[in-house]
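The values are calculated or read from the model by the stated rules, or taken from the named source; none is laboratory data. Predicted model only: the values in this text are computed from it and were never measured. Cβ coordinates were reconstructed from backbone atoms using ideal geometry, including for glycine residues, and neighbour counts include every protein chain displayed. Remember, those area values only see protein heavy atoms, side chains included, never the ligands or the DNA or RNA. Shrake-Rupley method; radii C 1.70, N 1.55, O 1.52, S 1.80 Å.
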Amino acid sequence: MNKKDGILGLCVTGAALLMFFLMGMNKAEDADQVRITVDGETYGIYSLEEDQEIEIQHEGNHNKIRIESGKAYMEEADCPDEYCIDQGEIHTRTQTIVCLPHKLVVEVINENDKKEEAIDAIAK
Amino acid sequence: MKENKEITWCAMMVALAMIFSYVESLIPINFGVPGMKLGVANLVTVTGLYFLKPPQVLIIVILRILLTGFMFGNGMSIMYSLAGGILSFFVMVLVKKIKGFSISGISIAGGISHNVGQLFVAACVVQNMKLVYYLPPLLIAGTATGMLIGILSKRILTVINKFFLVTG
């Protein structure tokens, strides 16, 4: 390790911490819904406030997401790595569950997110 | 180095990198972020950059990813690894050309760019840019593992230079 190596390491760590900070500000906004997207397309939007179980069948792939006491988690998945199950519970806006083999993303959103998208859609 | 010797070294490095990848896949460490791992196979790439020609190292990287991918992974995992592996290779070659960076700096740059490349491909595959939220932890992980790999590479290189390359 010499001086330049240290500077590189510190800069990247600093940038990462800054991003953490910015994300923390974003996180503070209320979020009460999850959006599930498969292959880039919205599969459905579900409220975090009611406990439910969402079964997803897409091109022979199976995923089961459970929403319980305001948190969502992947309960079952037949993907090879099962990383999506390991990712645990999510409930803030900066958290996502990704099932890469199935191209499935569960993200926490709020009303503003949906409005932004409506604007995007108009712009298109 | 003579041509025969170079070919033998490349083959050995590919084999070594494959073993590292395999052993690593056996260790069930869950960092909570998908794709986060030690990247021991990067040890081979980093050390290789110091006594092989860059094109040879690139071939080692690609072969290692393809072979381990076919044996232990799946088609998609090959794609992520290739994106990360090739990007980190070029970044490391570039950083090596800049004066003032030691092997640790090169390895850190490699670790970071590997993670960035993989994350970018993953974000494209799921078509969801929210994956950038994984970037900060992956940057820090890349720096930490890069530093570790750099320290190890340095020690390995002294051994290689002392015992294997003197006879040329």
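Some observations on this one:
- Qualifying residue in segment B:134-154 (condition: open to solvent by 70 Å² or more (accessible area, probe 1.4 Å), more than 28 Å from A:Val108 (Cβ to Cβ), free of Cβ contacts under 8 Å to residues at least 12 places away in the same chain and among the charged types (D, E, K, R)): no
- Summed over segment A:102-124, the residues that are at pLDDT 80 or above and either under 9 Å from the mean Cα position of the chain (by Cα) or open to solvent by less than 40 Å² (accessible area, probe 1.4 Å) (or both) give a count of 8.
- Taking the numbered list (1) surrounded by 15 or more Cβ atoms within 10 Å (Cβ to Cβ); (2) within 12 Å of another protein chain (Cβ to nearest Cβ); (3) at pLDDT below 90; (4) more than 30 Å from B:Gly105 (Cβ to Cβ) in turn, A:Met1 passes all entries but (4).
- Criterion (more than 10 Å from chain A (Cβ to nearest Cβ) and small (Gly, Ala, Ser)) met by exactly one of B:Gly100, B:Gly117: B:Gly117
- Flag for B:Leu131 being without any contact (Cβ under 8 Å) to a residue 24 or more places away in the chain and at the interface with chain A (Cβ under 8 Å from one of its Cβ atoms): yes
- Look at (1) over 12 Å from the mean Cα position of the chain (by Cα); (2) open to solvent by 30 Å² or more (accessible area, probe 1.4 Å); (3) touching a residue at least 60 places away in the same chain (Cβ under 8 Å) and you find that B:Phe51 fails only one, number (2).
- The residue pairs whose first member lies in segment A:1-26 and is among the charged types (D, E, K, R), whose second member is assigned to a helix (DSSP H, G or I), and whose beta carbons are closer than 6 Å, counting only pairs six or more residues apart or on different chains, are A:Lys4/B:Gly105; A:Asp5/B:Ser104; A:Asp5/B:Gly105.
- Residue selected from segment A:46-81 under the condition under 15 Å from the mean Cα position of the chain (by Cα) and within 18 Å of A:Asn110 (Cα to Cα), by the criterion surrounded by the fewest Cβ atoms within 10 Å (Cβ to Cβ): A:Ser47
- Inside segment B:72-92, residues that are closer than 19 Å to B:Val46 by Cα and either buried (at least 19 other Cβ atoms within 10 Å of the Cβ) or aromatic (Phe, Trp, Tyr) (or both) make up a count of 10.
- Number of positions in segment A:16-31 that are assigned to a helix (DSSP H, G or I), more than 7 Å from chain B (Cβ to nearest Cβ) and open to solvent by less than 40 Å² (accessible area, probe 1.4 Å): 1
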